[in-house]
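These notes concern the structure reproduced below.
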Amino acid sequence: MSIWDFFVWFFWIYIFITCIWIFITVFVDIFRDHTLNGWGKTLWIIFLVVLPFLGAFVYLIARGRSMGERQMKQSRDAQAASAEYIRSVAAPTSPSAEIESAKKLLDSGAITQAEFDSLKTRALAS
């Protein structure tokens, strides 16, 4: 096997993986699209199964823009959910709440008076 045979083989593997990726993306988008009814989804799936390359290219041409919009909406929704989760976990606390929490730690013996004073000073500074 020469180096050129290897490059040709590598090229065809790349084309094969790219085609599979496009088909999966189109199938996922068909099921994600809420504007298509069941018959429309069925017809697109049949078209993709019978004539896969033509079906995928026609779908990308006909519905590519809405496909991108759905992808962007999903990305925005995921980012908003992530931001909401982070806000819920790392809820901003007021200085009085931080001092109260430090006081509870001091009363339970988890921290010393010097650590409490340090926490109190930091809470009041922020």
Residue selected from the stretch 49-60 under the condition surrounded by 12 or more Cβ atoms within 10 Å (Cβ to Cβ) and part of a helix (DSSP H, G or I), by the criterion nearest to the chain's Cα centre (by Cα): LEU60
Given the structure, is LYS41 farther than 21 Å from THR18 by Cα and either surrounded by 13 or more Cβ atoms within 10 Å (Cβ to Cβ) or in contact with a strand residue (DSSP E or B) (Cβ under 7 Å, 6 or more places away or on another chain) (or both)? yes
Mind listing just one residue for me: the one in the stretch 1-48 that is among the charged types (D, E, K, R) and in a helix (DSSP H, G or I) and, of those, farthest from ARG63 (Cα to Cα)? ASP5
Matching residues in the stretch 87-126 - criterion: being hydrophobic (A, V, I, L, M, F, W, C) and surrounded by 10 or more Cβ atoms within 10 Å (Cβ to Cβ): ALA97, ILE99, ALA102, LEU105, LEU106, ALA110, ILE111, PHE116, LEU119, ALA123, LEU124
Name the single residue that is surrounded by the most Cβ atoms within 10 Å (Cβ to Cβ) among those in the stretch 63-86 being among the small types (Gly, Ala, Ser) and over 20 Å from THR18 (Cβ atoms). SER66
Take the conditions of a type in the set (S, T, N, Q), under 21 Å from GLY68 (Cβ atoms) and loosely packed, with under 10 Cβ neighbours inside 10 Å and apply them to THR18. Does it pass? no
So which of ALA114, ALA56, ALA97, ALA80 ends up being at pLDDT below 90 and either over 30 Å from ALA125 (Cβ atoms) or not β-branched (Val, Ile, Thr) (or both)? ALA97
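The values are calculated or read from the model by the stated rules, or taken from the named source; none is laboratory data. Please read these numbers as outputs of a predicted model, since none were measured by experiment. When we count neighbours, we look across all protein chains shown, and the Cβ atoms used for this are built from the backbone with ideal geometry, even at glycine.
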